[in-house]
Structures are given as structure tokens and as C-alpha cells.
Amino acid sequence: MKRNTRIGFGAFAVAILAAVGCTDDFTDINTNPNAPTAVPVQYLLPAGIQDAVNDLLGTGFDRGTASTWVQHYAALQYTGTDRYDIGPTFGDGTWSGLYTGALVDFDKMVDLATETGNANQQAVGMIMREWMFMNMTDLWGDIPYSEALGGSSEGGTITPRYDTQADVYAGILANLTAASGMINPSEPLFPDVFRGTIDNPDLIYGGEMGMWRKFANSLRLRAAMRLAEVDQGTASSAASAAVNAGVFESSADDAMLAYPGVPPNENPMAPAFKARPGDYRISNSLVDTLLALNDPRLPVYADVNRDGEYVGMPNGLVEEHGIAFEAVSRVGELFLEPDQPAWIMSYAEVLFLRAEAAQRGFAGGVAADLYEQGIRASMGTYGISSGAVDTYLEQPGVVYDPAQGLAQIGVQMWIALYDQGPEAYAYWRRTGYPSMTPARDNLNNGQIPVRLPYSSTEQSLNNTNLQEAMSRQGFGVGEWNTRVWWDVTPNVYSGG
């Protein structure tokens, strides 16, 4: 499940902050002579990777929101978020953390690499920056993008305009295409660091630029398929171009952060589940689906309850539900390991995206073959035998049927994206698969939220641009029930 190369966090776990003087008149008083005035790329990259992955795939937003709303997990206690108890400040922490943290590191990395003429470093910074922006626009729709990171630069603004989601996606596709094109696989990412060594600042690929190129193109494919229902021309051409440029070819290409497993450098899910073992269980939506399909991933994803059975927790029950802690299945033991990787993007996801693109006629390949390969890749991640996979693929409910192809791909993608809440949440909103019933005791008029509310601080600091963006998107009562631009598929959560 992990690459043989173990990337060390130690030397890079703490970001170095730049010191800033006040004015020329007070230089001697306000400048710290021992503090650096610029942070080198070799520190920006690992700090940015760690912060970005923890923010998006950690215990706060992923486990606490995305993975419950997409019904991979369910809250056993403290069930407010699982019941869609959302207020105007609900998304504040996620918004501020993403805009002021790793995104700044990656953008600065791009600037520094551009100045030094290091195209590989520039490309990596662009790839990670666009990955973050894609997650952010998927959560909020229109967002500050083209003017978002210029507040500290000459001519920049601290009140950036909100770009439309269509424009954000156009920028993401353009920048990922440019990043892919500027990569030189024969040149190291860091000339003075041997690729794959323990002190390599590249915590994802150890400096292997050929893998970064595949990642850029795989993200292009993900972005292209987001547009499948709203701009089929762009979706088709961009998906085909991404595949032709070279996407993931095996699970060895997976983009993931492999944690050393020693505090504080461990997967944040593991200590969180262990420290508060009563907060979450596996959703009955996922358990029931896996049971119905005789899916061999069930004992990996979940543990048995006190009676030796797999029993899921219903989503969104009131606190007084009366279900005992050990009556429903916990998260599988694998996901309690401190060195469990955090997946940014997997080969299995790429295969399912290619299967969907082939089914829609956007790109080459045989949809049925790519669908089966996606299932094999997902199960291979967990060491499931080829014989067990063969048996699974022979079942009537699993055999690919072109007439139901998009639905089958959607269900298998949802299963494969377990423990990758933000992407599972985005993919489900776009496709509507699988169909889900909103939380039973929900507080949102029977609707699963389809976005996060904008940060309340924007109302104070950037209200004119915020109000323009909200008006443009047609916000009504409860902005978290207003779909983002690419979300147009009728679904049960919206009454469609």
C-alpha cells in the first residue's frame, strides 16, 4: 500500500516564516537580524504539502463534514454536522485555513522558481496550487482566484473579486496543461538532493518529475470531467488531451502523502479515531452497499460489531438515538494505523474517470475494460487477491452494462473514494451516484448540503465582491443548498 521509498518529514515539518520590517525609519528597531527574509523552495514545498493534505484530508473537514455528508461515515455522538446543522460561520475555519496556509506557500514557490528559472519547481508549485483551488471552488463555487494571492505584492488587492466557477476551471485546466508541458523528467526537482532520499523535500514523489507530469495530467482529467454536464465540448477535448498527454499508469503513480507514522508526523485520522473512538462509525449506506455486492473491501473498510457482524450507523440521528457504541461497526483497523497514507489522487480514480469519459465518447478506450481495471486497482490497494476480484466481477450486479454504465461507474467510484471525503463529495454531487437518502433527523428541510457557506469574515472585509458573487449564483435561503455551477444532475438530495 505504500511506496518503498519513505519520505522523511523531520527537517521540513516546520515552515519558516519571513520577517517583515515596518518602515525605513524604524528598520533598526523592527527588523530581526536573525530571521530570514525569504523562505527557500525546499521548505515551502514540504510545509505546503503537509498543511494542504491535513486541511483537506484530515479530521476536521474530511472526517467531520465531507465523509459524513457523502455517507461513508456517520456520527455516533455529537451528530450536529451529520444532521446538517449549519450556521453562517460553519465554513469559516476551512476558508481561512486554505487561503492563508498552504496556498500561499505554493504560490510563493511558483514565484521563486520563476525568478530562478527552475521550471520543474515552478510546475510542482502550480500543480499543488491548482489542486487546492479545485477543491476550494468545488466547495464554494465562485471564489477569489485570479486576484486571490496578490494582497502582499505591489499592485495587489486585499479585496479580490470572485471569479466565476467556469473561469476558475478554465484557469485550472490552462495552468495544469502549462505545468505538464514545462516539466523536464530528466532534471531533478532539487539539484542538490538525491531523488528518493530521506531528506528530499518532495513528500509525494521524492523528486521524480515523470510522476509529477502524470499527476498534472490526471488532475486535468478530473477537472475536465467536472464539466461533463455543463460544457461537454470543453470536457471532451480536455479529457482526451489529458489522457493523450499521459495519466497514471499503475498504482505506483498514486499521488499520496506517506506518513512516517511517528508523532507528530502521523496520519491525523489515526490518533483522532483512537482518542475519540465513540464519535464516528461506518455509515449504513456504505455497509449495506458493500454487503449487497458481496464486496471484499468490507472487512478492510469496517470492523465487525460486538456480535461479529457488519452493521452500519444511520446518518444524522438525534443524540438520543439509543444505539450502543459497540452495536455498530467501527472504522477498519487499517485506517487506525499512524502510517496509513493520505491519498490525493489514485490510479483507481483515474481509471474510473477514463471509463466515464469512454462511455460518454469523450476519450478513447473501452468503458467496460476501464471499469473493471478500476475495480481491480481499488482492491489491489488493499491486497485483495485476484481470485476474489474475479469472483466479484462475475456477479450480475457488478458486470458492466453499458445501459447502466454511468451509474455503475459512479457507485464503484464512491466505494473506491472511501477515506477521500472531499473528492467523493464532489464526484457524487456531479453525477448523482449513488442515490442517497438525506440524514433521518436532518435540520435542513430534507436536503443534503451541496456546498459550504462563505466565510462570515468576507462580509466584513470583502462584502461588495462577496454579494456580487452570491447574487450571480442565485443564492436563496440557506446558501449551502444552492448548487455550484457544474452540479446540474437531478438528485434525491435536492428533490430532483
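The values are calculated or read from the model by the stated rules, or taken from the named source; none is laboratory data. Because the structure is a prediction, the values reported are computed rather than measured. All Cβ positions, even for glycine, are placed from backbone atoms using ideal geometry, and neighbour counts span all protein chains on display. The area values use the complete protein model at the heavy-atom level, side chains included, leaving out ligands, DNA and RNA. Shrake-Rupley method; radii C 1.70, N 1.55, O 1.52, S 1.80 Å.
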Return one number: the angle in degrees, 0 to 90 and rounded to the nearest 10, between the long axis of the Cα atoms of helix 165-182 and the longest principal axis of the Cα atoms of the chain.
70 degrees
Can you compute the modelled spin-label distance between Ser386 and Asp111, with each label point 7 Å from Cα toward Cβ, in nm?
5.2 nm
In whole Hz, the Karplus estimates of ³J(HN,Hα) for segment 463-468 (6.51, -1.76, 1.60; θ = phi - 60°; x where Gly or Pro) are 5, 4, 5, 5, 5, 4
Search the structure for amide H atoms under 5 Å from the amide H of Ile344, placed 1.01 Å from N in the peptide plane, and list their residues when 5 or more places away or on another chain.
Ala255, Met256, Leu257
If we count every other residue with Cβ under 10 angstrom of Gly48's Cβ, Lys/Arg +1 and Asp/Glu -1, where does the sum land?
-1
Whole number in Å², please: accessible area per residue of the chain, 1.4 Å probe, ligands, DNA and RNA not counted.
39 Å²
Could you give the length gained on full extension between Thr89 and Asp307, defined as 0.36 nm per residue of separation minus the Cα-Cα distance, in nm?
74.4 nm
If R0 is 22 Å, what FRET efficiency do you get for Arg472 and Ala174 from their C-beta distance, rounded to 0.05?
0.50
Lys and Arg at +1, Asp and Glu at -1: add these up for the other residues within a Cβ distance under 12 Å of Arg306 and post the number.
-3
For Glu337 and Asp199, compute 0.36 nm times the residue count separating them, minus their Cα-Cα distance, and round to one decimal in nm.
47.4 nm
How long are the three semi-axes of the equivalent ellipsoid for the chain, computed from the Cα gyration tensor as the root of 5 times each eigenvalue, in whole Å, largest first?
35, 27, 24
Simple spin-label estimate for Ser96/Glu229, 7 Å along Cα→Cβ, in nm, reads 3.4 nm
Computed lengthening from Phe325 to Arg440, 0.36 nm per intervening residue step minus Cα-Cα distance:
39.5 nm
In whole Å, how far is the Cα centre of segment 48-91 from that of segment 276-349?
16 Å
Radius ratio Rg over Rh of segment 422-461, counting only Cα atoms, Kirkwood formula for Rh:
1.10
Can you show me the helix-derived [θ] at 222 nm for the chain, built from DSSP H runs with n ≥ 4 at -39,500 (n - 2.57) apiece and divided by the number of residues, rounded to the nearest 500.
-13500 deg cm²/dmol
Could you sort the peptides 207-215, 110-118 by per-residue average Cβ neighbour count (10 Å cutoff), highest mean leading?
207-215, 110-118
Hey, could you grab the Kirkwood Rh for segment 110-223? Inverse mean 1/r over distinct alpha carbon pairs, Å, one decimal.
15.0 Å
Using a cut-off of 15 Å between beta-carbons, work out the net charge of the residues near Gly117 (Lys and Arg +1, Asp and Glu -1, Gly117 not included).
-3
In whole percent, the fraction of accessible protein surface over the chain that belongs to carbon or sulfur atoms, probe radius 1.4 Å, stands at 51 percent
Projecting each Cα onto the charge dipole of the chain (Lys/Arg +1, Asp/Glu -1 at the beta carbon, about the Cα centre), which of Ala148, Gln395, Phe61 comes out farthest on the positive side?
Gln395
The chain: relative contact order from alpha carbon pairs under 8 Å, six or more residues apart, as a whole percent, is 21 percent
Mind checking segment 348-420 for chymotrypsin sites (Phe, Trp or Tyr not before Pro) that DSSP puts in a loop (not H, G, I, E or B) and that have at most 13 other Cβ atoms within 10 Å?
none
